[in-house]
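Inspection log for the structure reproduced underneath, given as structure tokens.
Rule-based calculations on the coordinates, nothing more; no lab input. Given the structure is predicted, the values throughout are model-derived calculations rather than measurements. Backbone-built Cβ (ideal geometry, glycine too); neighbour counts: all protein chains shown.
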Amino acid sequence: MTDDLDRGLPIDGPQLLRDLRELATIGGVETGVERLAFSPDDVAARRWVAARMAAAGLEASTDRYGTVYGRAVGASRAVLIGSHTDTVPRGGWLDGALGVAYGLAIARAAAGRLPDGFGVDVLNFQDEEGTYLPCLGSLSFTGELDDAAVTRARDRAGTPLRDAIARAGFPDLDVRLDPDRHVAFLEAHIEQGPRLEAGGLDIGVVTAIVGIRRLRIRAHGRADHAGTTPMDMRADAGMALFRLANRIADGFAAVGGAGAVWNIGSIALQPGAANVVPASAEMVVEFRDVSDATLDRLEEALRSWAADLPVPVEADVIARIRPTPMDARLGDAMEAAAHAGGATTLRMPSGAGHDAMVLARRLPSGMLFIPSIGGRSHDVVEDTAEDDIVRGCQVLADTVLRLARSAA
Ligand SMILES: [Zn+2]
């Protein structure tokens, strides 16, 4: 066993790339894929993953929602590796699929090479992208899924999640986190942004998944004739919101610091006619940061600027997701594994949500990023160089070996 341990966990790069290319043919569109959760292509991809797990010597089971779990036979403790094969409409071939394929590759490499009783379990979670309910699979896995939320959930066409579940016909089974068995969760993902590529760096070690605060701002004015009402006698709800938007554009950087990002992604005026002063106006402001205190400061600034406006304004928080720190020990292990293999690293937050966000509430969790060409993702153009794909998998495999040795 000692000789095997010394050889590490060599990844079969060509096999990993073949897996990813083959999986990308299921629901393929142009250079990307479309596998909306519970669609026939999503179900087919999950069957494919279950078959690959079995071929890797794992005991594969699929739960009632379609999460596929591959259990290392003969192990009493295991590192969980995985992500999701569902996609957004016209999504990329790597998002999610990469983390699942890494799990398969590392499970194959780990067979017979880890200390006795230690294994690699692989997960393919359902509906991370939220076609019906974001992170459905990981929430069910950790036992946090709210039955009422499942009943309420619908896709954009109005199809109830319950109908989609019934139609998909997955086994009437739950797969659950086992705290006695599962020692850590590792999720690899494409960066989905430009920082690694711009810095010429190989690996992103994720420090935290950002928190998200989303506020709906409503200004209440009065509809008047836009030609006959003097400017100083108007209660213009639209102009009030534009002033607020300008203060955000000019002031949020000073309040939030270098890491914070924000977006005004939606704005609407009523009644919405060229010759009517807007009677009401609504916009949605979203901001993200790794620190709750920063999100609080941004919200406070927004509210105080809103209170200065010449018309009444309401601000309601419509989404509040807390930042999720990743496990520091796992981050150190990933960084050490990368450096030992000659790879360069960057400690960075994840600006997007991931299943690791859910798992981290129950289990030490870590995320590893590889570069995205042009920073593009959630689109069919999304891509990563093959060398980067293989290198990332080797770093994650070497991380698993470090964890297994320190746990043995
Ligand atoms: Zn993803």
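Taking only Cα atoms and a 10 Å spring cutoff, compute GNM fluctuations for the chain and point out the largest among 52, 152, 113.
152
For the stretch 313-408, state what percent of all Cα-Cα pairs lands in each successive 5 Å bin, counting from 0 Å until the bin that includes the largest distance.
Final binned percentages: 2, 11, 18, 20, 19, 14, 7, 4, 2, 2, 1, 0.
Considering only 134, 364, 310, give the residue with the highest GNM mean-square fluctuation for the chain, with springs between Cα atoms whenever their separation is below 10 Å.
For the chain, modelled as a Gaussian network with Cα springs under 10 Å, the answer is 310.
P(r) tail for the stretch 303-367, what percent of Cα pairs lie past 16 Å? Mind showing how you got there, number by number?
Values: 1316 of 2080 pairs.
When all Cα pairs of the stretch 303-367 are counted, 63 percent exceed 16 Å.
What percent do you get for the relative contact order of the stretch 127-274 when only Cα pairs under 8 Å and 6+ apart count? Numbers along the way, then the final one.
Numbers: 70 pairs, mean separation 17.3, N = 148.
Relative contact order for the stretch 127-274 comes out at 12 percent.
At 7 Å along Cα-to-Cβ for each site, give me the label-to-label distance between residue 328 and residue 111 in nm.
Modelled inter-label distance: 3.9 nm.
Which cross-chain or sequence-distant (5 or more) residues have an amide H under 5 Å from the amide H of residue 346, H modelled 1.01 Å from N in plane?
203, 204, 205
Can you compute the FRET efficiency between residue 317 and residue 264 using 1/(1 + (r/R0)^6), with r the Cβ-Cβ distance and R0 = 22 Å? Round to the nearest 0.05.
Details: r = 16 Å, r/R0 = 0.71.
Plugging the Cβ-Cβ distance into 1/(1 + (r/R0)^6) gives 0.90.
Past the 42 angstrom mark, what percentage of all C-alpha to C-alpha distances in the chain do you count?
Values: 16797 of 83028 pairs.
So the pairs more than 42 Å apart make up 20 percent of the total in the chain.
Calculate how steeply helix 13-24 sits against the longest principal axis of the alpha-carbon atoms of the chain, using the helix alpha-carbon long axis, and give the answer as 0 to 90 degrees to the nearest 10.
50 degrees
By how many nm would the segment from residue 154 to residue 90 lengthen if fully extended, with 0.36 nm per residue of separation less the alpha-carbon distance? Can you show the working numbers first?
On the way: separation 64, 0.36 × 64 = 23.04 nm, distance 1.96 nm.
Computed gain between residue 154 and residue 90 is 21.1 nm.
Using alpha-carbon pairs under 8 Å, 6+ residues apart, how would you state the relative contact order of the chain in percent?
On the way: 927 pairs, mean separation 89.3, N = 408.
Across the chain, relative contact order equals 22 percent.
For the stretch 102-142 and the stretch 58-97, what is the separation of their C-alpha centers, rounded to whole Å?
4 Å
Given the C-alpha atoms of the stretch 117-176, compute the convex hull and give its volume per residue in Å³. Before the final figure, lay out each step's value.
Numbers: hull volume 5.8 nm³, N = 60.
Given the Cα convex hull of the stretch 117-176, per-residue volume reads 96 Å³.
If each residue of separation counts as 0.36 nm, what is the full-extension length gain between residue 30 and residue 12 once their alpha-carbon separation is subtracted?
Values: separation 18, 0.36 × 18 = 6.48 nm, distance 2.72 nm.
Extra length from residue 30 to residue 12 when fully extended: 3.8 nm.
Fewest Cβ neighbours within 10 Å first, please rank 25, 384 accordingly.
Details: 25 11, 384 22.
Ascending Cβ contact count within 10 Å gives the list 25, 384.
Please determine, in degrees from 0 to 90 and to the nearest 10, the orientation of helix 386-407 with respect to the longest principal axis defined by the Cα atoms of the chain, where the helix direction is its Cα long axis.
70 degrees
Can you show me the helix-derived [θ] at 222 nm for the chain, built from DSSP H runs with n ≥ 4 at -39,500 (n - 2.57) apiece and divided by the number of residues, rounded to the nearest 500. Kindly include the intermediate steps, with their values, before the conclusion.
Numbers: 13 runs with 148 residues, N = 408.
Calculated mean residue ellipticity at 222 nm is -11000 deg cm²/dmol.
Taking θ as phi - 60°, what are the ³J(HN,Hα) couplings along the stretch 94-109 by the Karplus curve (6.51, -1.76, 1.60), each to the nearest whole Hz, with x for Gly and Pro?
9, 2, x, 4, 4, x, 6, 5, 4, x, 4, 5, 6, 4, 5, 5
Going 7 Å from the Cα of residue 162 along its beta-carbon direction, which residues of the stretch 139-156 have the amide nitrogen within less than 17 Å of the resulting point?
Within reach of a label on residue 162: 146-155.
What angle, in degrees between 0 and 90 and rounded to the nearest 10, separates the Cα long axis of helix 328-340 from the longest principal axis of the Cα atoms of the chain?
With rounding to tens, the tilt is 60 degrees.
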